[in-house]
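One structure below.
The values are calculated or read from the model by the stated rules, or taken from the named source; none is laboratory data. Just so it is clear, the structure is predicted and the values come from calculations on it, not from any experiment. Positions of Cβ are generated from backbone atoms using ideal geometry, with glycine treated the same way; all protein chains shown enter the neighbour counts.
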Amino acid sequence: MEFFCYHRDRRGSVALRNELLEEHWSYMDRYAPEMIARGPTVASDGQTPTGSVHIVDLPDPTAARAFAFDEPNYQAGVYRDVLLRRWRNTLGRTMWDFSGDRAGGDQYLVLGLGTDQSIDLDVPSNQDELIAFGPLLSDNGITWLGTAVLIQATDPDTARAILAPDRYAEIEVHNWQFGGRTSAVGGSRP
C-alpha cells in the first residue's frame, strides 16, 4: 500500500530541524527500499525548510501512522501537522527514475484537496515533467480525497495548472526539492 505523508514545519523550528538532520536521515534510511519519493518543501528563498514530503510503500495504515508519527522531527516538535493519506503511484516509478534534468527548472509539490467528485485519476499527457503523481485516498483506498503531484515546472502557476482548478476545493503549491542523502558522486539516493 502506498502512502503520501507531508509533515508541515512549525514556525521557528528550523534550528531544531537542523539539529535533528542526521537523526531524520538515519530514520529515513531504514525505509529506503519502501521510498517512492522524498524531499523538503522550502520557502521562496530556496533554503528555509517548510515541510517534508515522503511517499512510501508500506504494509498497512498502522505501519504508515508509525512511519509518520515515530519520525524524530515529529517527536521533537518540528512539525505543526501531518497530512497522511493512502496514495496510488499512477506513474509506476520512483523519483529516482525521473528522467528530467533536476537542475533544469524548479520542482513543486502540488496538492489538490478534493470536493465530492473524483478527478485527475488518469496520468496527464505531459509526463516528462512529472516526478510523482497520484490520488490521495481514504485509509480503505476507495474514497478519493484529492491529488498529490511532484512536478518540475518553470514557475508555481505552471505547476498549479497540472490540476483542474475549478474541480478542487483548494490547490496548494509548495517549492519542493529532491531529498535524501547526497552521495559523493552527486545526486541523492533513497
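General observations
- Tabulated pairs, region 21-45, first under 16 Å from Glu2 (Cα atoms), second of a type in the set (Phe, Trp, Tyr) and in a helix (DSSP H, G or I), C-beta under 9 angstrom, 6+ apart or interchain: Tyr31/Phe67; Glu34/Phe67; Met35/Trp96; Ala37/Trp96
- Subset tally (residues that are surrounded by fewer than 20 Cβ atoms within 10 Å (Cβ to Cβ) and at pLDDT 95 or above) for region 140-156: 1
- Meets criteria (within 16 Å of the chain's Cα centre (by Cα), closer than 22 Å to Leu130 by Cβ and small (Gly, Ala, Ser)) for Gly51: yes
- Residue within region 173-190 that is modelled with pLDDT of 95 or more, among the β-branched types (Val, Ile, Thr) and touching a strand residue (DSSP E or B) at 6+ places or on another chain (Cβ under 7 Å) present: yes
- Within region 35-60, being buried (at least 18 other Cβ atoms within 10 Å of the Cβ), out of contact with any Pro (no Cβ under 8 Å at 6 or more places or on another chain) and not aliphatic (A, V, I, L, M) holds for Gly39, His54.
- Residue pairs meeting the criteria (Cβ under 8 Å; at least 6 apart or on separate chains; first within 20 Å of Thr41 (Cα to Cα), in region 54-67; second of a type in the set (S, T, N, Q) and not in a helix (DSSP H, G or I)): Ile55/Asn89
- Any hit, region 44-67, residues being basic (Lys, Arg) and either in contact with a Phe, Trp or Tyr (Cβ under 8 Å, 6 or more places away or on another chain) or part of a loop (DSSP other than H, G, I, E, B) (or both): no
- Among residues of region 14-43 being of a type in the set (Gly, Ala, Ser) and assigned to a strand (DSSP E or B), the one that is farthest from Arg80 (Cα to Cα) is Ala37.
- The listed residue being more than 25 Å from Ala153 (Cα to Cα) and touching a helix residue (DSSP H, G or I) at 6+ places or on another chain (Cβ under 7 Å), out of Pro49, Pro72, Pro59: Pro72
- Residue pairs whose Cβ atoms lie under 6 Å apart, sitting 6 or more positions apart in sequence or on different chains, and linking a residue in region 163-189 that is under 21 Å from Tyr6 (Cα atoms) and surrounded by 12 or more Cβ atoms within 10 Å (Cβ to Cβ) to a partner that is aromatic (Phe, Trp, Tyr) and at pLDDT 90 or above, are Val173/Tyr108; Trp176/Tyr108; Arg181/Trp25; Ser188/Phe178.
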